[in-house]
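I have placed the structure first, in the form of structure tokens, so that the comments after it can refer back to it.
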Amino acid sequence: MSENSSTEAGQPGLTIVVYTPWAIATGMVHPRGIARLSDVFNNWSDPFIPLEDAHFVDLATDQVEPQPRGTLLLPLQEILLLHEVQTGAAASQHGGDEELRVQRQALRVQAQAGPYRVEGALYLPSHSTLASYLNRSEEAFLPLTSAVIALPAGEGPLEVRVPFVLVCRGCILINEVQAGGGVG
């Protein structure tokens with residue numbers, strides 16, 4: 001489950017981490033009544049995302065500690081990856097009637113988005129290929145589960161493990177990972 005809090009107006013907020021080609025920012029976004037993070041960002045109509053109580057790491061410097069920035073306006077088109085900040089609470093389940101769900105197949109993929117490498121499971125409709133799914137999808141952000149994000153680092157690779165990450169569909173090189181970890 002993500003860190004949730006409220007603004008003075010009483011609207012709930014989600015604390016997220018946003019990865020751009022030049023920075024990593026953490027802050028709160030207000031989903032406008034939409035429950036799922038993928039729905040929020042695949043339906044966002046404004047060119048900028050306001051992150052409240054933002055903290056910012058500039059990848060072009062040796063800065064390691066996030067610097068507070070108040071409200072930070074990030075261009076939507078610059079977002080490569082994003083995920084909720086995880087807490088110890090159990091994740092919410094978006095259930096529904098099992099019989100009415102579209103059957104999907106998990107496909108392990110590796111994506112390169114700017115300086116970040118991400119590996120995770122992408123769920124495709126049954127009998128679909130990665131290429132056909134990407135060519136037909138209208139989503140700006142693709143959801144990956146059980147993801148590992150490799151961050152750029154001067155001294156060696158750093159990894160962040162998250163249960164769910166959104167990857168910018170138009171900003172990636174993507175391929176299937178074969179059983180045993182090889183790239184297909």
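The values are calculated or read from the model by the stated rules, or taken from the named source; none is laboratory data. Just so you know, these numbers come straight off a predicted model, no measurement behind them. Please note: Cβ atoms are built from the backbone with ideal geometry, for glycine as well, and neighbour counts cover all protein chains shown.
Looking across the range 16-25, just one residue is part of a strand (DSSP E or B) and hydroxyl-bearing (Ser, Thr, Tyr), and that is TYR19.
Within the range 159-172, residues that are farther than 23 Å from GLN86 by Cα sit with their Cβ atoms under 7 Å from residues that are part of a strand (DSSP E or B) and not hydrophobic (A, V, I, L, M, F, W, C), at 6+ positions apart or across chains, in these pairs: ILE172/GLN112.
In the range 121-146, the residues that are within 11 Å of ARG104 (Cα to Cα) form Cβ pairs under 8 Å with partners that are in a helix (DSSP H, G or I), at six or more places apart or across chains, as follows: LEU122/LEU130; LEU122/TYR133; LEU124/LEU130; LEU124/TYR133; PRO125/TYR133. From the residues in the range 47-69 that are farther than 14 Å from VAL17 by Cα and modelled with pLDDT of 90 or more, which one is surrounded by the fewest Cβ atoms within 10 Å (Cβ to Cβ)? If we take residues in the range 47-69 being farther than 14 Å from VAL17 by Cα and modelled with pLDDT of 90 or more, then PRO47 is surrounded by the fewest Cβ atoms within 10 Å (Cβ to Cβ). For the range 136-144, state whether one or more residues are at pLDDT 90 or above, outside the structural domain of LEU80 (by TED's automatic domain parsing) and in a loop (DSSP other than H, G, I, E, B). Among the residues of the range 136-144, at least one is at pLDDT 90 or above, outside the structural domain of LEU80 (by TED's automatic domain parsing) and in a loop (DSSP other than H, G, I, E, B), which makes the answer yes.
Within the range 26-40, the residues that satisfy the criterion of being outside any loop (DSSP other than H, G, I, E, B) and of a type outside the set (S, T, N, Q) are GLY27, MET28, VAL29, LEU37, ASP39, VAL40. Checked against the criterion of being at pLDDT below 95, farther than 17 Å from ASP39 by Cα, surrounded by 12 or more Cβ atoms within 10 Å (Cβ to Cβ) and in contact with a helix residue (DSSP H, G or I) (Cβ under 9 Å, 6 or more places away or on another chain), the range 83-104 has no qualifying residue.
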